Amino acid sequence: MEGRPITLTLGSSNSSAASDGNQPILKVVGRSSLQGQVTVGGAKNAALVVMAGALLCPEECRIRNVPSLVDVARMGQVLSALGVKLERDGDAIAINARDINQSQAPYELVSQLRASFFVIGPLLARLGIAKVPLPGGCAIGARPVDLHVQGLRAMGAHVHIDHGIVHAYLTGSDRRLKGAKIYLDYPSVGATETLMMAATLADGETIIDNAAQEPEVVDLANFCRAMGAKIKGAGTKKLVISGVDRLHSADYSIIPDRIEAGTFLLAAAITRSELSVASIIPDHLTAVIAKLRKTGVKIVPEENNTVRVIPGPQSLATDIETLPYPGFPTDMQAPFMSLLTLSEGNSLLTETVFENRLHHVAELIRMGADIRMKGNTAVIRGVAFLSGAPVKATDLRAGAALAIAALAAEGESTIEGLQHIDRGYDRLDVKLKQLGANIERIDPQGETEPTPACKDESILLK
Ligand code: UD1
């Protein structure tokens, strides 16, 4: 396959350091209305785990519709560090894991990208050994990996944690995982994916009960099936995987990103603008669309995976609780809160999936929102307007929430912490600007628009 090898360095624009005046910011002057059509890219969370899944295969796999994101570059680095060859060609990545020459993922990389922990399942299945650092906490909570570990143990792996590194290995002459019956105490997306990947090459049948049903889990299952895996029940609570001896090359296209799509639906709703959002699978957004309709927005399906968003004259309050799929996604909680701050009446928004995912509340209050916290529930009283203010993104979806709020606020907002937004949105500022938003990315290092999501990413991965 033609293309450039993925190299290993990421520059300062990816650092997680707080802004010191040298970091780029977004400057948004609110109250412009948006118009036109925006196209959604490939799903970040599906792309990351499918890249990890390619480790299962001793032949080259081609993955298409891979978004150009900092997190994708980081996953590429993790795979490279294990000896995998990667080449990017447009929106496709060729991944050849024939010669994995390392069983230990490097700490510096895993600590920056939680999803890279997911390599533990495929590494163990391919090599019989895997050493992966604990990903550690992050801005939205502690995020343990106990369910991944318990499941791997049930499949016969020895797992111990030493100096912050999870050591997993198999004994016996065949050094092969054994099929097992696993019940997940919680339908964790990551644990379901880790165990599904591990089970594809196990000896015998694995049943995962109370499995996650997210579309990204289904995408991974479809990718594994394209490589010859035997998986039934993807998208339901019960997965049945019959292990095979070996997987083969596959050419696979990633689903559209339902969270990016939902973010644009909300951008339309909050600015009271009619927009078309293309490359969207409405069935993946059932809960989000149902809640948007409650606020008075019309969502009209059109041809070719496009929907038209038509906001009503006034946004209305609604209550939301985040839940595992098909419930309302935790990744949409923060952006939806921005809309509720401007919706007539009182809304209750409860976060049940992560314990610490409400940092954007304080920033929205800086912009004039009326929000009180009661435990993990935000009590939101709709206000007539928000005011532009300097605010800081503390995590990826909080960043999207602030960008959306700034589009609707009166006056100018500046948003710090773009390294979080760049992890998961491919040129959010550029796409919004093309729709008519008054938004600029200001880079004190001297770069002006059009600025890619991450300058290193554009060099490395395009
Ligand atoms: C994935 C998504 C993330 C999304 C989340 C929930 C990726 C790369 N990230 O994260 O964007 O917000 O699903 O939809 O796909 N938990 C445990 N023990 C475990 C694993 C998880 O207690 O072993 C807990 C977590 O702390 C959290 C909850 O389960 O409270 C859900 O986490 P999980 O579904 O595993 O999310 P991720 O796979 O990390």
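The values are calculated or read from the model by the stated rules, or taken from the named source; none is laboratory data. Remember, predicted model here, so these are calculated numbers, not experimental data. All Cβ positions, glycine included, derive from the backbone under ideal geometry; neighbour counts span all protein chains shown. Note: accessible area is taken over every heavy atom of the protein model, side chains too, but ligands, DNA and RNA are not part of it. Shrake-Rupley method; radii C 1.70, N 1.55, O 1.52, S 1.80 Å.
What do you reckon, is Glu205 buried (at least 18 other Cβ atoms within 10 Å of the Cβ) and either within 16 Å of the ligand (Cβ to nearest atom) or over 23 Å from the mean Cα position of the chain (by Cα) (or both)? Talk me through it step by step, then tell me what you get.
Values: buried (at least 18 other Cβ atoms within 10 Å of the Cβ): no; either within 16 Å of the ligand (Cβ to nearest atom) or over 23 Å from the mean Cα position of the chain (by Cα) (or both): yes.
In short, no.
Please find, among Ala334, Ala362, Ala378, Ala290, the residue that is crowded, with 17+ Cβ neighbours inside 10 Å, within 26 Å of the chain's Cα centre (by Cα), assigned to a helix (DSSP H, G or I) and modelled with pLDDT of 95 or more. Just a single option satisfies the conditions, and that option is Ala334. Inspect the stretch 254-277 for any residue being among the acidic types (Asp, Glu) and within 14 Å of the ligand (Cβ to nearest atom) and give the result as yes or no. Looking for residues that are among the acidic types (Asp, Glu) and within 14 Å of the ligand (Cβ to nearest atom), one finds at least one in the stretch 254-277, hence yes. Contact map, the stretch 185-200: residues that are assigned by TED's automatic domain parsing to the domain that holds Leu323 and open to solvent by less than 10 Å² (accessible area, probe 1.4 Å) paired with residues that are hydroxyl-bearing (Ser, Thr, Tyr) and more than 8 Å from the ligand (Cβ to nearest atom), Cβ distance under 7 Å, separation 6+ or inter-chain. No pairs are found.
With the structure loaded, tell me whether Ile165 is in contact (Cβ under 8 Å) with a residue 60 or more places away in the chain, within 13 Å of the ligand (Cβ to nearest atom) and either among the β-branched types (Val, Ile, Thr) or farther than 30 Å from Asp251 by Cα (or both) or whether it fails that test. If you could, list the steps in order and put the result at the bottom.
Numbers: in contact (Cβ under 8 Å) with a residue 60 or more places away in the chain: yes; within 13 Å of the ligand (Cβ to nearest atom): no; either among the β-branched types (Val, Ile, Thr) or farther than 30 Å from Asp251 by Cα (or both): yes.
When the stated conditions are applied, Ile165 does not pass them.
Filtering Gly399, Gly411 for residues that are under 24 Å from Gln23 (Cα atoms) and open to solvent by 10 Å² or more (accessible area, probe 1.4 Å) leaves a single hit, Gly411. The criterion of being open to solvent by less than 30 Å² (accessible area, probe 1.4 Å) and of a type in the set (Asp, Glu) holds for Glu260.
Quick check, is His148 without any contact (Cβ under 8 Å) to a residue 40 or more places away in the chain and either in the same structural domain as Ser111 (by TED's automatic domain parsing) or in a strand (DSSP E or B) (or both)? It is false that His148 is without any contact (Cβ under 8 Å) to a residue 40 or more places away in the chain and either in the same structural domain as Ser111 (by TED's automatic domain parsing) or in a strand (DSSP E or B) (or both).
Checking every residue in the stretch 319-326 against the condition of being closer than 26 Å to Asn356 by Cβ, buried (at least 22 other Cβ atoms within 10 Å of the Cβ) and out of contact with any Pro (no Cβ under 6 Å at 6 or more places or on another chain) gives at least one match.
The combined condition, being within 16 Å of the ligand (Cβ to nearest atom), of a type in the set (Ser, Thr, Tyr), open to solvent by 30 Å² or more (accessible area, probe 1.4 Å) and in the same structural domain as Ala401 (by TED's automatic domain parsing), is fulfilled by Thr352. In a residue-by-residue description of the stretch 397-416, the property of being of a type in the set (D, E, K, R) and part of a loop (DSSP other than H, G, I, E, B) applies to no position.
Picking from residues in the stretch 107-133 that are open to solvent by less than 30 Å² (accessible area, probe 1.4 Å) and outside any helix (DSSP H, G or I), the one that is nearest to Arg423 (Cα to Cα) is Leu113.
Could we say that Ala409 is under 19 Å from Thr318 (Cα atoms) and away from the ligand (no atom under 16 Å from the Cβ) here? When the stated conditions are applied, Ala409 does not pass them. Looking across the stretch 355-372 at every residue that is within 16 Å of the ligand (Cβ to nearest atom) and out of contact with any strand residue (DSSP E or B) (no Cβ under 8 Å at 6 or more places or on another chain), the one that is farthest from Ser387 (Cα to Cα) is identified as His359.
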